[in-house]
Ligand SMILES: *Cc1c(COP(=O)(O)O)cnc(C)c1O
């Protein structure tokens, strides 16, 4: 991570001091680290006709979105709820793209009424629905076809999206049909292509293979009278979760690949990075509840759990775990587990780390993406607090949920409603 300064400090803030006012577990995000990543990407894209639309699902906290808005970044949304967040945080509707296989007619209507920039369409049925909804509002919706290029992104099966067997996108043959039938969709202007082959991708080659197909297809379409004004290249840039193991793609090489592949394309390139912009900017701070000596191993039981950070349980993801105490002594091996009643509630197995004791604080690194945004109330654990740190300052940008908030909306079925 860029902005860690020695043990326990992030973006000028001593994380150990925060715990006197904020109960663990909590997330902390470095604004400087996010700015740094955005700047690196913007610099790499310098001179290109490119727009960055941050994938809100990676981390939709309003303060994160506000930071993006201030840096001129748009949003890639996958639900009306994400649109609500993006607009609320000040991202202009005209800088929002709407992706996803399951947009409902109602969500499309809300997005059109708000004036979102464009829709990424993933099926013929969705195209029909968008036509109907746009006609009702008497507007013309801008749309891109999401192409499934059938390339293997070499990533975890649960975050691969660009293979033929995945639910995402359509074949180029199908897309060609849509373009040739565009007269049947007078309220949809199909003038874009979209491709997103997966997440946490660590090599350039799958990106290049997908982009080359899309670039060639755009040229074919233009030659047959269907000009393409925007090509959305999706997200997927991987980050370093594990030193000496994950070697991310260099963002300058990625940009150079885009520049070369789309040299003959005369339109806007849209990027939808999520993880790359925020993963390494965030940490999850947790406290050791107790140490349990099991029959064959020692368990470090912490107060964060799979409901707070699902990635290890869901994708067998590796997160660095760093104790924030300085008590010498050699390393031992722990299984780091949370209190949730599932064996999958495990952050690390047989992890070598300094000996800990109850009350110690641990930092779970690189938790800024797909952490809080994927959290749940499982085991009736309130959603954790989230903090934004910025050059020595900190703000609570989501307070820990109260028990009352957790059960708000539920009822005891004291009154049955009958038709
Ligand atoms: C999830 C997603 C992204 C962001 O992916 P990252 O790997 O976080 O960059 C971008 N575009 C679409 C369509 C997505 O579904």
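Miscellaneous remarks
- Criterion violated by residue 306 - all others in (1) within 14 Å of the ligand (Cβ to nearest atom); (2) in contact with a helix residue (DSSP H, G or I) (Cβ under 7 Å, 6 or more places away or on another chain); (3) outside the structural domain of residue 74 (by TED's automatic domain parsing) satisfied: (1)
- Residue match in region 33-46 (condition: buried (at least 22 other Cβ atoms within 10 Å of the Cβ) and part of a strand (DSSP E or B)): no
- Checking residue 164 against (1) in contact with a helix residue (DSSP H, G or I) (Cβ under 9 Å, 6 or more places away or on another chain); (2) exposed (fewer than 15 other Cβ atoms within 10 Å of the Cβ); (3) under 28 Å from residue 141 (Cβ atoms), the condition it does not meet: (1)
- Within region 309-358, the set of residues being touching a helix residue (DSSP H, G or I) at 6+ places or on another chain (Cβ under 7 Å) and in a loop (DSSP other than H, G, I, E, B) comprises 310, 317, 319, 324, 340, 341, 344, 345.
Results for (1) in contact with a helix residue (DSSP H, G or I) (Cβ under 6 Å, 6 or more places away or on another chain); (2) loosely packed, with under 15 Cβ neighbours inside 10 Å; (3) not assigned by TED's automatic domain parsing to the domain that holds residue 102, shown as yes or no for each residue.
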site	(1), (2), (3)
187	yes, no, no
194	no, no, no
197	yes, no, no
211	yes, no, no
220	no, yes, no
224	no, yes, no
242	no, yes, no
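- When the residues of region 269-295 are filtered to those that are within 16 Å of the ligand (Cβ to nearest atom) and more than 18 Å from residue 368 (Cα to Cα), the one that is nearest to the chain's Cα centre (by Cα) is 271.
- Filter result for residue 49 (closer than 24 Å to residue 254 by Cα and surrounded by fewer than 17 Cβ atoms within 10 Å (Cβ to Cβ)): yes
- Of all residues in region 17-30 being touching a strand residue (DSSP E or B) at 6+ places or on another chain (Cβ under 6 Å) and surrounded by fewer than 21 Cβ atoms within 10 Å (Cβ to Cβ), the one that is modelled with the highest pLDDT: 24
The values are calculated or read from the model by the stated rules, or taken from the named source; none is laboratory data. The model shown is predicted, which means the values in this text are computed figures rather than measured ones. In this analysis, Cβ positions are derived from the backbone assuming ideal geometry, glycine residues included, and neighbour counts consider all displayed protein chains.
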